[in-house]
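Each remark here refers to the structure printed beneath this line.
The values are calculated or read from the model by the stated rules, or taken from the named source; none is laboratory data. The structure presented is a predicted model; accordingly, all values stated were derived computationally and were not measured. Counting neighbours? That spans all protein chains shown, and the Cβs are built from the backbone with ideal geometry, glycine included.
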């Protein structure tokens, strides 16, 4: 199954850079899921009459929390092509935004201390008359900005 971005590329358009949401953006979800598993193990160890039911419920809750985080991460795409920037979110409901490179004025990267250390941050693309909603927790945001500069730089000097 091809990605959304690959299905909407124009003839001759090529992907220059592909970004993903950092796993660090979902650290709290992963932690809650693991705590559910630990709670399930502790309840199962106690061996009281309802422990199998409670342990099963905690295990299912942990799996659901982690699965939702992984699906949200996997269904978010941010792609830089040689002609435009494409952002897509969602699986059942889809939200997409595209901006041609000619309309891009700047790309803002916001990174806190932890984001700088772990190489993730929020990216906002500002264009002529509008801007993309900030994309939170993108892996390697400075690489995206560098690649955009490589593409947009030569185009603006012609």
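If we keep just the residues of region 99-111 that are touching a helix residue (DSSP H, G or I) at 6+ places or on another chain (Cβ under 8 Å) and part of a strand (DSSP E or B), which is farthest from residue 151 (Cα to Cα)? Talk me through it step by step, then tell me what you get.
Restricting attention to region 99-111, the residues satisfying the condition of being touching a helix residue (DSSP H, G or I) at 6+ places or on another chain (Cβ under 8 Å) are 101-102, 104, 107, 109, 111.
Going one step further and asking which of them are part of a strand (DSSP E or B), we end up with 104, 107, 109.
Details: 104: 11, 107: 13, 109: 18 Å.
Result: 109.
When each of 87, 10 is tested for being in a loop (DSSP other than H, G, I, E, B), touching a strand residue (DSSP E or B) at 6+ places or on another chain (Cβ under 9 Å) and assigned by TED's automatic domain parsing to the domain that holds residue 117, the lone residue that passes is 10. Does residue 124 meet the test of being assigned by TED's automatic domain parsing to the domain that holds residue 11, under 17 Å from residue 25 (Cα atoms) and part of a strand (DSSP E or B)? Yes; evaluated as a whole, the condition is true for this residue.
The set of residues in region 10-22 that are over 19 Å from residue 150 (Cβ atoms) and buried (at least 16 other Cβ atoms within 10 Å of the Cβ) comprises 20, 21, 22.
One residue alone among 114, 144, 78 is within 20 Å of the chain's Cα centre (by Cα), under 22 Å from residue 6 (Cα atoms) and not in a strand (DSSP E or B), and that residue is 144.
Of all residues in region 66-74, at least one satisfies being closer than 30 Å to residue 150 by Cβ and in contact with a helix residue (DSSP H, G or I) (Cβ under 8 Å, 6 or more places away or on another chain). Here the condition is being within 29 Å of residue 11 (Cβ to Cβ), under 14 Å from the mean Cα position of the chain (by Cα) and either crowded, with 18+ Cβ neighbours inside 10 Å or in contact (Cβ under 8 Å) with a residue 12 or more places away in the chain (or both); of 104, 123, 97, it holds for 123 alone. Here residue 74 meets each of (1) crowded, with 16+ Cβ neighbours inside 10 Å; (2) under 30 Å from residue 35 (Cβ atoms) with one exception, condition (1).
Suppose we filter 43, 34, 38 for residues that are part of a helix (DSSP H, G or I), more than 19 Å from the chain's Cα centre (by Cα), at pLDDT below 95 and farther than 30 Å from residue 6 by Cβ; which single one remains?
Answer to the selection: 43.
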